[in-house]
Amino acid sequence: LDDAVALRNAVVTAKKAGLESSVATKWDKALSEQERKLADSLIDGETRHILESVGLAPVADSLQDMEAVYVEGQLIASHPGLGPDDVQAAMKDFYDSLYSPPMPPFDEIRDPVLRKYARGKTAENVVELYAQIYNALRSDRGGYDDVSFLSMAPDQVK
């Protein structure tokens, strides 16, 4: 991302030196798009890191694995890694992490607007994944006798 900032500064300098406005706009647009792609890649990596640190990654991975081999009538609770003890422990770790969420500072992003976007998008990704897990475990396909371990609705963890 530092290179994107340097390139943006180069475009500004070139514009001052006579670069046509339409060409500068084209470069600004291309740089913004690349910067966003780099940030999204960084966000995806940080989201994964957070999911691992708060205990949701194993549940999410097991749900994804289950969907790949799903057989009609199969209960989520019967899939490896999604048993009641597994998901209860993961939810406890996740809820405990909410008191001090492990949000990355994104210090490598110099642009404060892009940094704010990265932080917000990372948090949004975690909440979205939690909502998917929450809804799947509470669904008819869940198969859990007791879902009290899901003590917070998705809108409560935002």
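The values are calculated or read from the model by the stated rules, or taken from the named source; none is laboratory data. Computed from a prediction, not measured in an experiment: that's the story for all the values here. Cβ atoms come from the backbone with ideal geometry, glycine included; neighbour counts cover every protein chain shown. For accessibility, only protein heavy atoms count, side chains too; no ligands or nucleic acids. Shrake-Rupley method; radii C 1.70, N 1.55, O 1.52, S 1.80 Å.
I'd like to know if region 34-48 contains one or more residues that are open to solvent by less than 50 Å² (accessible area, probe 1.4 Å), over 18 Å from N125 (Cα atoms) and without any contact (Cβ under 8 Å) to a residue 40 or more places away in the chain. Within region 34-48, not a single residue is open to solvent by less than 50 Å² (accessible area, probe 1.4 Å), over 18 Å from N125 (Cα atoms) and without any contact (Cβ under 8 Å) to a residue 40 or more places away in the chain.
This table checks each residue for (1) assigned to a helix (DSSP H, G or I); (2) under 19 Å from I43 (Cα atoms); (3) open to solvent by 20 Å² or more (accessible area, probe 1.4 Å); (4) not polar (S, T, N, Q).
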position: P105; (1), (2), (3), (4): no, yes, yes, yes
position: E108; (1), (2), (3), (4): no, yes, yes, yes
position: Y134; (1), (2), (3), (4): yes, no, yes, yes
position: G143; (1), (2), (3), (4): no, no, yes, yes
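Just the residues that are out of contact with any Phe, Trp or Tyr (no Cβ under 8 Å at 6 or more places or on another chain) and either open to solvent by less than 50 Å² (accessible area, probe 1.4 Å) or without any contact (Cβ under 8 Å) to a residue 12 or more places away in the chain (or both), please, taken from region 49-60. Once the filter is applied, which keeps residues that are out of contact with any Phe, Trp or Tyr (no Cβ under 8 Å at 6 or more places or on another chain) and either open to solvent by less than 50 Å² (accessible area, probe 1.4 Å) or without any contact (Cβ under 8 Å) to a residue 12 or more places away in the chain (or both), region 49-60 yields I50, L51, E52, A57, V59, A60. Taking helices (runs of 4 or more DSSP H) as the structural unit, those lying wholly within region 1-101 and holding at least 2 residues that are polar (S, T, N, Q) and over 15 Å from I133 (Cα atoms) correspond to 2-16, 21-54. For first residues located in region 107-132 and over 14 Å from R48 (Cβ atoms), partners that are open to solvent by 90 Å² or more (accessible area, probe 1.4 Å) and lie 6+ apart or on another chain with Cβ distances below 6 Å form the pairs V127/K158.
The residues listed here are A24, A68, A17; of these, the one that is over 30 Å from L137 (Cβ atoms) and surrounded by fewer than 12 Cβ atoms within 10 Å (Cβ to Cβ) is A17.
Report yes if V126 is more than 18 Å from the chain's Cα centre (by Cα) and open to solvent by less than 60 Å² (accessible area, probe 1.4 Å), otherwise no. Answer is no for this residue. Can you tell me how many residues in region 71-88 are out of contact with any Gly (no Cβ under 7 Å at 6 or more places or on another chain) and either closer than 29 Å to I43 by Cβ or surrounded by 15 or more Cβ atoms within 10 Å (Cβ to Cβ) (or both)? Result for region 71-88: 8.
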